[in-house]
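A short write-up of the structure that comes next.
The values are calculated or read from the model by the stated rules, or taken from the named source; none is laboratory data. Quick caveat, the model's predicted, so the values are computed rather than measured. So basically every Cβ, Gly included, is an ideal-geometry build from the backbone, and we count neighbours across all protein chains shown.
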Amino acid sequence: MVVARDIDDFPKNDANYTSLTPLWFLERAALVHPTRPSVVHGSRRYTWQQTYHHCRRFASALSNRSIGPGNTVAVIAPNVPALYEAHFGIPMAGAVLNTVNIRLNASTIAFLLGHSSAAVVIVDQEFFSLAEEALKILSEKSKSFKPPILIVIGDENCDPKALRDALDKGAIEYEKFLESGDPEYAWKPPEDEWQSIALGYTSGTTASPKGVVLHHRGAYLMALSGALIWGMNEGAIYLWTLPMFHCNGWCYPWTLAALCGTNICLRQVTAKAVYAAISQYKVTHFCAAPVVLNSIANASPEEAILPLPHVVNVNTAGAAPPPSVIAAMSKLGFRVTHTYGLSETYGPSTVCAWKPEWETLPPEQQAKLNARQGVRYIGLEGLEVMNTKTMQPVPSDGATVGEIVMRGNLVMKGYLKNPKANEESFANGWYHSGDLAVKHPDGYIEIKDRSKDIIISGAENISSVEIENALYSHPAILEAAVVARPDEKWGESPCAFVTLKQGVDSSNEKRLAEDVIKFCRSKMPAYWVPKSIVFGPLPKTATGKTQKHLLRAKAKEMGPVGVSKL
């Protein structure tokens, strides 16, 4: 028997300590609400007990093939039940989950699978040819390449020919794979909560993607923080509009198990599908990038189901949402919560916490306040806007620009096989986001730009985000993105890429451009006004972020402003 000598002299033991892991949430959901719907996908409906059995089979089947600690399992799939189950089944086996962006090309996926040394690749039949091409590229590049175990996901909506083709090429059908596992498999939690649970890759727009490694402790804390910050209740009905492959769905796969809620899977996201799901399933919550909110706010009367049958809570993050989009969603009856974060912080880790005193303000002012990135999540211990040269916080004046830095349990373990990037990202004991922001007198932070997106015109810094916010308030503009264009006189000047709303007459682009420029002159300083307006669709990532590096390249190809072309 151990006798404690003082108040801090108690040893840990099996009765009073266990590593934090979100896997416990699933076990509890199956115990508390075994017959409640856990996952709904088309005609398929699973209960929490069935999902728990599926995940245990999943873990058992992996273990039977010697897949466990030290192994990575990649999943290439849209929001289908198998991807939800992967968030539990793979770490239950002790392995690490790598959710792969389905919109990447084969060469990029080949890099990811090689860099992560994926021992198993699970792929939805719709993307089997993509995975096949990626594995072919990988085998041709490496003589020591060892083909991974290949598993294909099919459902009643899949192309039977594509599924048959995958099976003929040696892939194992997902449900058959589960049948090889034990539904009563005695999974074990990680011995150390620092053990890796997931690997996700950054977009890699300027270099090779970086592998972000997350641990069980952070996933547990983020899953609970996400529920608390959003005010989610037990039994929430959640619509999967956000891709689960993006930052593990902001950790909401684990949150929904903690709340014993219901996951509504949506393979393809459209405004019509969102409204239909709200009506059919009584959806209470969904997450989406501002681009998705914009499509919902501008849906046609045939697509929209209005007024909403009940309050629907929306969590938005990704690109900074324009106040006009937040205002439009609020006007339709959606309750919008604005969050901000990165892959390196388990997804959103700051929130623009709503204050009761804002209720009396005009809607436009409310939207402007709600468009700020706000304050830290409950689970994040440190958030600052700092002068990176002095590592001192900037004054809370709403004007002095610094870099957003973070520290705490919601910061990644580090980048896989990339010591140089780790050294740079964790310099001076903080994680450096690369996002430039100000801090307001109330302590709320507001992003002004990515460091690479700031436009420097005549030695003056111009925020592309603030110009975009103004452009979004133009009645004819659906989407806008602003980048730097070379300028003969000023070095750089703003160039606006604009997508017009449906029904806007675009036959006279010159007149339209003049109208947009005139509008901007009434909204901002003269040197902020875009000198170039380009109409057309904006290139997007799989998560709805505008690919500004492509727009910068296009602006550069246009040549410097002020230079005559013969």
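Can you go through VAL394, VAL311 and tell me which one is over 23 Å from the mean Cα position of the chain (by Cα) and buried (at least 17 other Cβ atoms within 10 Å of the Cβ)? Reasoning before the result, please.
Working: VAL311 fails: buried (at least 17 other Cβ atoms within 10 Å of the Cβ).
Among VAL394, VAL311, only VAL394 is over 23 Å from the mean Cα position of the chain (by Cα) and buried (at least 17 other Cβ atoms within 10 Å of the Cβ).
Kindly establish whether HIS33 is more than 26 Å from GLY200 (Cβ to Cβ) and surrounded by 18 or more Cβ atoms within 10 Å (Cβ to Cβ).
So HIS33 passes the test.
Just name the residue that is farthest from ILE454 (Cα to Cα) out of those in the stretch 483-495 that are in contact with an Asp or Glu (Cβ under 8 Å, 6 or more places away or on another chain) and of a type in the set (Gly, Ala, Ser).
Once the filter is applied, the top-ranked residue is SER493.
Across the stretch 17-47, which residue is nearest to ASN409 (Cα to Cα) among those that are out of contact with any Cys (no Cβ under 7 Å at 6 or more places or on another chain) and among the small types (Gly, Ala, Ser)?
Once the filter is applied, the top-ranked residue is SER19.
Conditions: (1) crowded, with 23+ Cβ neighbours inside 10 Å; (2) within 27 Å of GLN373 (Cβ to Cβ); (3) in contact (Cβ under 8 Å) with a residue 60 or more places away in the chain. ILE296 meets all but one. Number of the miss?
(3)
Taking CYS287, is it under 25 Å from LEU342 (Cα atoms) and without any contact (Cβ under 8 Å) to a residue 60 or more places away in the chain?
Taking the combined requirement at face value, the residue satisfies it.
crowded, with 20+ Cβ neighbours inside 10 Å and either more than 15 Å from GLY398 (Cβ to Cβ) or acidic (Asp, Glu) (or both): is that true of ASP449 in this structure?
Against the criterion (crowded, with 20+ Cβ neighbours inside 10 Å and either more than 15 Å from GLY398 (Cβ to Cβ) or acidic (Asp, Glu) (or both)), ASP449 qualifies.
Could you go through the stretch 399-420 and let me know if any residue there is assigned by TED's automatic domain parsing to the domain that holds TYR346, more than 23 Å from the chain's Cα centre (by Cα), at positive phi and not polar (S, T, N, Q).
Keep residues of the stretch 399-420 that are assigned by TED's automatic domain parsing to the domain that holds TYR346, which gives 399-420.
Those still in the list that are more than 23 Å from the chain's Cα centre (by Cα) too: 399-402, 419-420.
Applying the additional criterion that residues be at positive phi yields none.
The answer is no, given that none of the residues of the stretch 399-420 is assigned by TED's automatic domain parsing to the domain that holds TYR346, more than 23 Å from the chain's Cα centre (by Cα), at positive phi and not polar (S, T, N, Q).
Which ones in the stretch 408-437 are assigned to a strand (DSSP E or B) and at pLDDT 95 or above?
From the stretch 408-437, those assigned to a strand (DSSP E or B) are 414-415, 431-437; that's our starting set.
Hits for the stretch 408-437 are GLY414, TYR415, TYR431, HIS432.
Scan the stretch 429-440 and tell me whether some residue there is farther than 26 Å from HIS115 by Cβ and among the β-branched types (Val, Ile, Thr).
Yes, because at least one residue in the stretch 429-440 is farther than 26 Å from HIS115 by Cβ and among the β-branched types (Val, Ile, Thr).
Given (1) at pLDDT 95 or above; (2) under 21 Å from ILE264 (Cα atoms); (3) surrounded by fewer than 23 Cβ atoms within 10 Å (Cβ to Cβ), identify the lone condition not met by GLY42.
Among (1) at pLDDT 95 or above; (2) under 21 Å from ILE264 (Cα atoms); (3) surrounded by fewer than 23 Cβ atoms within 10 Å (Cβ to Cβ), GLY42 violates only (1).
Just checking, does the stretch 360-370 include any residue being in a loop (DSSP other than H, G, I, E, B) and polar (S, T, N, Q)?
Scanning the stretch 360-370, I find no residue that is in a loop (DSSP other than H, G, I, E, B) and polar (S, T, N, Q), so the answer is no.
Report whether or not GLU133 is touching a helix residue (DSSP H, G or I) at 6+ places or on another chain (Cβ under 9 Å), modelled with pLDDT of 95 or more and not assigned by TED's automatic domain parsing to the domain that holds TYR52.
Judged against the criteria, GLU133 is not a match.
Residues of the stretch 201-221 being surrounded by 21 or more Cβ atoms within 10 Å (Cβ to Cβ) and touching a helix residue (DSSP H, G or I) at 6+ places or on another chain (Cβ under 8 Å), which ones?
Across the stretch 201-221, the qualifying residues are TYR201, LYS210, GLY211, VAL212, LEU214, HIS216, ALA219, TYR220.
Given the options ALA95, ALA118, name the one that is in contact with a Gly (Cβ under 7 Å, 6 or more places away or on another chain), closer than 30 Å to SER38 by Cβ, in the same structural domain as VAL75 (by TED's automatic domain parsing) and crowded, with 20+ Cβ neighbours inside 10 Å.
The match here is ALA95.
Looking at the stretch 503-516, is at least one residue more than 18 Å from SER464 (Cβ to Cβ), among the hydroxyl-bearing types (Ser, Thr, Tyr) and touching a Phe, Trp or Tyr at 6+ places or on another chain (Cβ under 9 Å)?
Taking every residue of the stretch 503-516 in turn, at least one turns out to be more than 18 Å from SER464 (Cβ to Cβ), among the hydroxyl-bearing types (Ser, Thr, Tyr) and touching a Phe, Trp or Tyr at 6+ places or on another chain (Cβ under 9 Å).
For the list (1) among the aliphatic types (A, V, I, L, M); (2) farther than 25 Å from SER19 by Cα; (3) surrounded by 19 or more Cβ atoms within 10 Å (Cβ to Cβ), I need the number of the one condition that ALA106 fails.
(3)
Starting from the stretch 240-267, take each residue that is within 14 Å of VAL100 (Cα to Cα) and list its partners that are assigned to a loop (DSSP other than H, G, I, E, B), counting only C-beta distances under 6 angstrom and pairs at least six apart or across chains.
Matching pairs, first to second residue: MET244/ASN79; PHE245/ASN101; HIS246/THR543; GLY249/LEU242.
Within the stretch 1-22, how many residues are out of contact with any helix residue (DSSP H, G or I) (no Cβ under 6 Å at 6 or more places or on another chain) and surrounded by 10 or more Cβ atoms within 10 Å (Cβ to Cβ)?
3
Select, from SER324, SER349, the only residue that is part of a strand (DSSP E or B) and not β-branched (Val, Ile, Thr).
Details: SER324 fails: part of a strand (DSSP E or B).
Going through SER324, SER349 in turn, just one is part of a strand (DSSP E or B) and not β-branched (Val, Ile, Thr): SER349.
Quick check on the stretch 389-399. Is at least one of its residues free of Cβ contacts under 8 Å to residues at least 60 places away in the same chain and acidic (Asp, Glu)?
yes
Among the candidates GLY402, GLY382, GLY347, GLY374, which residue alone is in contact (Cβ under 8 Å) with a residue 40 or more places away in the chain and over 19 Å from HIS285 (Cβ atoms)?
The unique qualifying residue is GLY382.
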